[in-house]
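The block underneath contains the structure these notes are about, expressed in structure tokens.
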Amino acid sequence: MYKFIKVSLCVLLLASTTACSKGEKNDFDPMETFGCDVLNVYNTGEYIGENTLSLFEETYNVKVNYSLFASNEMMYTKLMDNSQYDVLVPSDYMIERLISEEFLQPIDKDVITNMGAITPSIMNKDYDPGNVYSVPYFYGNVGIIYNTNNIDAADVEELGFNVFLEEKYKGQAYMYDSERDSFMVAFKALGYSMNTEDEAEIQAAYEWLLQVDENIEPAYVTDEVIDSIINEERDLAVVYSGDAAYMTSENENLAYYLPEGGTNLWFDAMVIPANAGCPSLANEFINFMLSYDVALDNSAYVGYTSSVEEVAQFLMSSEGDYFENNAYDARVDYEFDEVFVHNEVLKQKLADLWIKVKSK
Amino acid sequence: MKSFARLAYPYMFWISIFIVLPMLMIVFYAFSTQGNDVLTLQFTLDNFKRFFSDPIFPMVLYRSLKIAFMTTIICLAIGYPCAYLIAQMKEKDQTMMILLITLPMWINMLVRTYAWRGILMSTDLSSEIKVLIGMVYNFLPFMIIQIYTSLAKMDKSLLFAAHDLGANKIKTFLRITLPLSIPGVIAGITLVFLPAVSSFFIPILLGGGEYVLIGNLIENYFVASGDWNFGSAISLIMAVLIMASMFLTKKLDYGNKEG
């Protein structure tokens, strides 16, 4: 509910700011500079600062059509239908797939001059070597969030993801309702690579998830997990780091832990589709998103780790919103952490197994 | 009269664009392989084989039919007496009662189900019972209104005639009221069973994600895994089943009229 109110307020705010700004337009002519004055942006929900888009619209005298996708797969299907967007924000594995299927165009590094401000350790990753097609937006891990009043911190730290097998926490946990995230947890709990193709390991992971289902009867949820954990309906869950940063800042009983056995390291990045109607404005937009003030506002609002190094550092400093917040401080170069690579064959297999776990 | 027929054209257009075409696309997806484009079209039965080769999918289908069936029976058991009592009331009270029954429907179904989530979350009921409660609550008004409508338009003089001819109350009900209300019952059953069998947000919200129905399977394969072909195949299997059950209930209706 809180989320809903937040979104509606955001919409209202956007509507009012654009309405107000109509009277005092600046003289900038986007048609002359970019050859177009409408930008179509496609992003995940709750993933942008509340004033970011209106500020861009005012600065450049353009209109931004902002649409939301529920999952990377949804976005992919939309692209296949020849829908036209100028900027997308998919995840690493999807970017890799989009590049290999020639859906993207290279970004213009002459325009994106703020590229140098990005944290060096998150550049040049396997999903897009040399960052030819993509510019990092947010990044982070997947970790365990728990309520320190009801869950023993020693258990979480000792067992890592295997804490989900502890029968004494029956009825207290959430699991992420997605085959990718759940199997990632299972693979790492068992000490395997999440990119395994080994039949026996997949079977073991499946059985691990069945065991979790039997031992602690978790509820399988997606975004509801955020509010439910904050409201202390349940005490233990697997969450994305940015959500954890927000959750721990809302409720001081919550703590976040990254298993020593390793977890998922993920990147979301801005890309420009090959069929974009307005690539020059798209490049300008990407550059705008990387500018210090915009990135600061953006990251502070959504809670995910900014790709802009100075912004992330400021937000973690004693003046920032995420001071001493270990969830915001994403773990990048840890030897057991992995990027979960796209694998079409594996994906179908995991999807079927995941349905089986849930349907038991 | 003929000139009025033209008024149907916009509707025909609407149907063909928003109902027939999407249906055809589902059939098309269900029989083709993933990542197909028009140039390298490949038809296959694999999606259906996949559905029936793993016991989990038919089991989910069975579970959906079972809970939809139970929902329908419970709605009928509560709805019929309710509709009957309302139909017995004074005309003014009837309008009031029907208003009261439709009143909750002014609020979005999703919001009302969220409210139930708040109520049921802390109870120890099984997910199945929680989902069942949610479904009965959401679909009961459809049953009551359908049965009430057919009872309300019944010719009351038939009841007096039966009474005059010596039939007692039970006999009057069994021989006159019940048969005349059957069309309403059939319509009510259809209106409850169809949304119940394909519902996906009630099990998500009230079943805690661990109670998977066929609607969730379809949603899962479309949205989460992006496997539109398998999702379409499941939709098609369900559509065929629904059509078969509609056909059966229609048969029941006609059979009743003949007898």
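For the range A:212-360, rounded, prolate or oblate, judged on the Cα gyration tensor with a ≥ b ≥ c (square roots of eigenvalues), a/c < 1.5 rounded, else prolate if a/b > b/c? It is oblate, given that a/c is not under 1.5 and a/b is not larger than b/c. Quick one: among B:Ala83, B:Ala233, B:Ala224, which has the greatest mean-square fluctuation in a GNM of chain B with alpha-carbon springs under 10 angstrom? Evaluated over chain B, the most mobile residue of the options is B:Ala224. Across the range B:55-258, C-alpha contacts under 8 Å between residues 6 or more apart give a mean separation that, scaled by the residue count, equals a relative contact order of 28 percent. Report, in order of residue number, the helices in chain B meeting two criteria: a C-alpha extent of 20 Å or more along the helix axis, and a mean Kyte-Doolittle hydropathy of at least -0.5; treat each whole DSSP H run as one helix. TM-like helix candidates: B:56-88, B:127-152, B:178-198, B:228-258. Looking at the protein assembly as shown, the DSSP beta bridges with both ends there are about 60 percent antiparallel. Label separation (B:Val240 vs A:Thr59): 5.7 nm, computed from points 7 Å beyond Cα along the C-beta direction. Mean partner shielding of peptide B:209-218, defined as the number of other chain Cβ atoms within 10 Å of each residue Cβ, is 4.
Distance from the alpha carbon centroid of the range B:58-87 to that of the range A:340-360 works out to 34 angstrom. Shielding value for A:73-80 is 3, the average number of Cβ atoms from other chains within 10 Å of each residue's Cβ.
Each Lys and Arg Cβ is given +1 and each Asp and Glu Cβ -1; about its Cα centre, chain B then shows a dipole of about 820 debye.
Between the helical axis of A:241-250 and the longest alpha-carbon principal axis of chain A there is an angle of about 80 degrees. Taken about its Cα centre, the protein assembly as shown carries a charge dipole of roughly 5160 debye when the Cβ of each Lys and Arg holds +1 and the Cβ of each Asp and Glu holds -1. Using a/c under 1.5 as the rounded threshold, could you call the range A:259-341 rounded, prolate or oblate? The axes a ≥ b ≥ c are square roots of the C-alpha gyration tensor eigenvalues, and prolate needs a/b larger than b/c, oblate otherwise. It is oblate, given that a/c is not under 1.5 and a/b is not larger than b/c. The residue among B:Ile74, B:Ser53, B:Trp106 whose Cα reaches farthest toward the positive pole of the charge dipole of the range B:33-112, with charges on the beta-carbon of Lys, Arg, Asp and Glu, is B:Ile74. Normalised by residue number, the volume inside the convex hull of the Cα atoms of the range B:44-88 is 62 Å³ per residue. Here the range A:288-360 is assigned +1 on the Cβ of each Lys and Arg and -1 on the Cβ of each Asp and Glu. Its dipole about the Cα centre then comes out at about 880 debye. What the Cα convex hull of the range A:75-122 gives, in volume per residue, is 99 Å³.
Taking every DSSP beta bridge with both residues inside chain A, roughly what % is antiparallel (nearest 5)? Given both bridge residues lie in chain A, the antiparallel proportion sits at roughly 60 percent. Per-residue ellipticity at 222 nm computed for chain A from its helices equals -12500 deg cm²/dmol, with DSSP H segments shorter than 4 residues left out and the rest contributing -39,500 (n - 2.57). The angle separating the long axis of helix A:344-359 from the principal Cα axis of greatest extent in chain A is about 60 degrees. Averaged over the residues of B:224-233, the number of partner chain Cβ atoms lying within 10 Å of the residue Cβ comes to 5.
Across chain A, the convex hull enclosing all Cα atoms gives 137 Å³ per residue. Restricted to Cα atoms, the range B:55-258 shows a radius of gyration and a Dmax of 19.6, 67 angstrom.
Computed over the alpha carbons of the protein assembly as shown, Rg followed by Dmax gives 28.3, 97 Å. With the alpha-carbon atoms of the range B:124-230 aligned to their principal axes, the span from lowest to highest coordinate is 66, 36, 16 Å, starting with the largest. Please compare each pair in A:Lys349/B:Lys130; B:Lys156/B:Lys250; B:Lys130/B:Lys153 to a cut-off of 28 Å on the Cα-Cα distance and tell me which ones are over it. Violating the 28 Å Cα-Cα cut-off are A:Lys349/B:Lys130; B:Lys130/B:Lys153. Across all directions, the shadow cast by the convex hull of the range B:23-165 built on its C-alpha atoms averages 15.2 square nanometres.
Of A:Lys78/A:Lys358; A:Lys168/B:Lys49; A:Lys170/A:Lys356; A:Lys347/B:Lys49, which ones are farther than 30 Å apart at the Cα? Beyond 30 Å between Cα atoms: A:Lys168/B:Lys49. For the range A:100-163, the Kirkwood estimate of the hydrodynamic radius, built from every pair of different alpha carbons, is 15.4 Å. Rounded to the nearest 10 degrees, the angle from helix A:292-302 to the longest Cα principal axis of chain A is 40 degrees.
Please state the shape class of the range A:46-180: rounded when a/c is under 1.5, otherwise prolate if a/b exceeds b/c and oblate if not, all from the C-alpha gyration tensor. In terms of gyration-tensor shape, prolate.
Computed from the coordinates by the stated procedures, all read-outs in this text should not be read as laboratory data. What you are looking at is a predicted structure, and each value in this text was computed from that prediction instead of being measured. Virtual Cβ from ideal backbone geometry, glycine too; neighbours counted across all protein chains shown.
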